[in-house]
Every structure is written in structure tokens, then in C-alpha cells.
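A.B. asks: Mind having a look at this structure? Questions to follow.
Any read-out appearing in this document is the output of simple, stated calculations on the displayed coordinates, not a laboratory observation. In this text, all values refer to a predicted model and were calculated from it rather than measured experimentally. When we count neighbours, we look across all protein chains shown, and the Cβ atoms used for this are built from the backbone with ideal geometry, even at glycine.
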Amino acid sequence: MTDHDEVVAIDGPAAAGKSTVARMLADRLGAMLFDTGTLYRALTLEARREGVSPANGRALARLATSRHLDIVPPSSRDGRLYDVLLDGEDVTWAIRDPDVEADVSEVAAHPEVRQALLAPQRRIATGRVVIVGRDIGSIVVPDAGVKVFLQASLQERARRRLRELEGRGLPANLEAIKRDLERRDEIDSNRRAAPLRIPEGALVIDTDGMDVEAVVDLLERRVRERWRELSSADRARR
């Protein structure tokens with residue numbers, strides 16, 4: 001097998017249910033969970049701290065290459081799925097601040113930034129990994145063993161984000177969330193570098209009205225079937 005044969009790449013727009021599905025799927029498969037959006041959020045957080053404008057792609061890329069970003073298993077039982085480390089600092093919850101969320105799509109739209117973060121993404125996405133993002137199956141690991149694209153309506157995605165923010169005790173407004181998601185969709189779908197799109201060969205699932213368990217059941221069957229095929233092919237070559 002190659003390094004990416006056991007990788008499950010999950011793409012889709014913001015709040016389409018990717019993180020929830022990926023977490024449950026990773027648990028069932030005994031795989032590591034990796035949401036690539038955390039790296040862009042961590043960079044956005046550091047840019048705000050350093051006074052770097054989200055419009056300055058070159059400066060952001062330099063900042064990205066000068067910092068060590070990593071994802072490791074969770075160190076605390078506070079609801080986190082993993083630790084996000086920025087030069088060793090735990091920024092897992094800091095990167096979920098609404099101010100960071102507001103800037104992250106603009107930061108991630110720069111070709112220089114996406115190129116700068118490509119190497120750490122591929123470094124982390126090795127072996128049995130469920131990796132989530134906007135360009136995973138198309139750019140980061142186009143040779144992933146299984147590629148998935150999750151989608152949902154704007155209204156459903158806004159309701160999910162509202163519940164997430166309220167669950168963390170943060171102020172939130174449904175209409176404001178919808179406007180922000182629309183803006184992020186526009187940026188993600190029309191950026192010059194690695195725009196959001198359905199990867200070739202991906203399984204497309206509309207999650208509106210679907211029970212999350214049903215989505216995960218479907219994906220688990222698909223992944224295990226693929227892994228059995230790859231394992232059989234690998235034994236046949238020996």
C-alpha cells in the first residue's frame with residue numbers, strides 16, 4: 001500500500017457536518033482525525049496576534065513557514081477531538097474564536113498560504129487517517145483511498161453552527177451566521193488556489209435530514225470494503 005491508500009478524504013462547505021461525521025468515523029476505524037481547517041485557523045490566530053493583515057498573502061505565507069503547526073491526540077476531556085499546537089502552544093479553543101472564524105476564509109484563499117501549508121498537511125495525513133477540509137481529495141491527497149464530499153443546505157448548516165456556538169456559551173445570531181456562511185462559500189468556491197469542488201471519484205452525500213449515524217454507517221462500509229480490496233491487491237503483488 002502507499003502512504004495514502006488508507007486515508008479517507010472528506011470535503012465539503014463549512015458546517016456541512018464534516019467534523020462530526022469524521023470524528024465518529026475515525027473512532028470506528030481506529031484512525032487519526034485531522035481537520036485541516038485547524039491549521040488555517042491557527043495561522044489566522046497567529047496573524048491576528050502579530051498584526052498581519054488577512055489580505056497580505058505573502059506575509060501570511062512567511063508566517064506559516066516560520067511556525068510549527070501540529071495535530072496530536074487530545075490532552076484534555078473538555079470536548080476537544082485533538083490538540084492543535086502552534087509552536088507547542090495549545091490553541092485548540094483559541095482558534096474557534098468568532099474573530100478567527102471571520103478571517104479564516106480570506107487567509108485560506110491566498111495561493112501562497114495554501115502552498116505553505118500543503119507540506120504540513122501531507123506530513124500529518126500519513127497512514128490510517130480521516131482528513132477533513134475543502135481541497136483534500138482534489139489537492140492535498142488526490143490519491144486517497146476513499147474520497148467523500150458532504151453537502152447540506154445553507155439553512156441547515158446555519159442551524160448547526162448556531163447550536164455549536166450556543167453549546168460553547170457564545171453569543172450567536174442565525175441570520176448573521178447565514179450571511180457569514182454565504183460569504184465563506186463565495187470565497188471558498190471562487191478562490192484562485194484550490195477552490196472548493198467535488199473531487200473526481202468522490203462519494204457525494206447530502207446530509208440534510210440524514211441521521212449522522214446513517215451517514216457514518218454508509219461511510220464505514222465503503223471504507224472497509226476499499227481497505228479489503230487494497231489489502232487483497234497488496235497480497236497478490238507479493
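A.B. asks: Does region 1-142 classify as rounded, prolate or oblate by the C-alpha gyration tensor (a ≥ b ≥ c root eigenvalues; a/c under 1.5 gives rounded; else a/b over b/c gives prolate, otherwise oblate)? Don't skip to the end; give the middle numbers.
C.D. replies: Numbers: a/c = 1.70, a/b = 1.38, b/c = 1.23.
Prolate is the answer for region 1-142, as a/c is 1.5 or above and a/b outweighs b/c.
A.B. asks: Sticking with this one: Let me know the shape class of region 133-219, please: from the alpha-carbon gyration tensor, a ≥ b ≥ c as square roots of the eigenvalues, rounded when a/c is under 1.5, otherwise prolate if a/b is greater than b/c, or oblate.
C.D. replies: oblate
A.B. asks: Count the net charge of all other residues whose Cβ sits under 12 Å from the Cβ of VAL91, scoring Lys and Arg as +1 and Asp and Glu as -1.
C.D. replies: Here the charged neighbours net out to -1.
A.B. asks: Given the Cα atoms of region 37-116, and with Rh set as the inverse mean 1/r over their pairs in the Kirkwood sense, what is Rg to Rh to two decimals? Don't skip to the answer; put the middle values down first.
C.D. replies: Numbers: Rg = 12.1 Å, Rh = 12.6 Å.
So for region 37-116, dividing Rg by the Kirkwood Rh gives 0.96.
A.B. asks: Over the chain, what relative contact order in percent results from Cα pairs under 8 Å that are six or more residues apart?
C.D. replies: 32
A.B. asks: Would you mind calculating the gained length between VAL72 and ASP234 on full extension (0.36 nm times residue separation, minus the Cα-Cα distance), in nm to one decimal?
C.D. replies: 55.4 nm
A.B. asks: Starting from the eigenvalues of the Cα gyration tensor, five times each then square-rooted, give me the equivalent ellipsoid semi-axes of the chain, largest first, whole Å.
C.D. replies: On the way: eigenvalues 152, 92, 59 Å².
Computed over the chain, the values are 28, 21, 17 Å.
A.B. asks: Sticking with this structure for a sec: Given the -39500 (n - 2.57) contribution per DSSP H run of 4+ residues, what per-residue ellipticity at 222 nm results for the chain, rounded to the nearest 500 deg cm²/dmol?
C.D. replies: Calculated from helices alone, the mean residue ellipticity at 222 nm is -15500 deg cm²/dmol.
A.B. asks: Taking only Cα atoms, what is the 0 to 90° angle, nearest 10, from helix 37-50's long axis to the longest principal axis of the chain?
C.D. replies: Approximately 20 degrees, to the nearest ten.
A.B. asks: Just SER19, SER75, SER189 to compare: in a GNM of the chain, with alpha carbon springs under 10 Å, which one fluctuates most?
C.D. replies: Maximum fluctuation in the GNM of the chain, among the listed residues, is at SER75.
A.B. asks: Filter the GluC sites (Glu not before Pro) in region 106-201 to those in DSSP coil with at most 10 other Cβ atoms within 10 Å of their Cβ, and list the result.
C.D. replies: Filter output for region 106-201: GLU200.
A.B. asks: What ranking of VAL100, VAL204 emerges when the number of other C-beta atoms within 10 Å of each C-beta is taken as an exposure proxy, fewest first?
C.D. replies: VAL204, VAL100
A.B. asks: Provide the net charge surrounding ALA31, with neighbours chosen by a C-beta distance below 12 Å and charges set as Lys +1, Arg +1, Asp -1, Glu -1.
C.D. replies: Its environment carries a net charge of +1.
A.B. asks: Starting from the 7 Å offset along Cα-to-Cβ, what nm value, one decimal, do you get for the label separation of ARG163 and ASP206?
C.D. replies: So the two model labels end up 2.0 nm from each other.
A.B. asks: On C-alpha positions alone, give me the angle between the axis of helix 174-190 and the longest principal axis of the chain, in degrees, nearest 10.
C.D. replies: Roughly 70 degrees between the two axes.
A.B. asks: Indicate, rounded to the nearest 5 percent, the antiparallel portion of the DSSP beta bridges found entirely in the chain. Working shown, then result.
C.D. replies: Details: 6 of 22 bridges.
Antiparallel: roughly 25 percent of the beta bridges in the chain.
A.B. asks: Take ARG192, project a point 7 Å from its Cα along the Cβ direction, then tell me which residues of region 38-63 have their backbone nitrogen under 19 Å from it.
C.D. replies: Hits in region 38-63 for ARG192 at 19 Å: 53-63.
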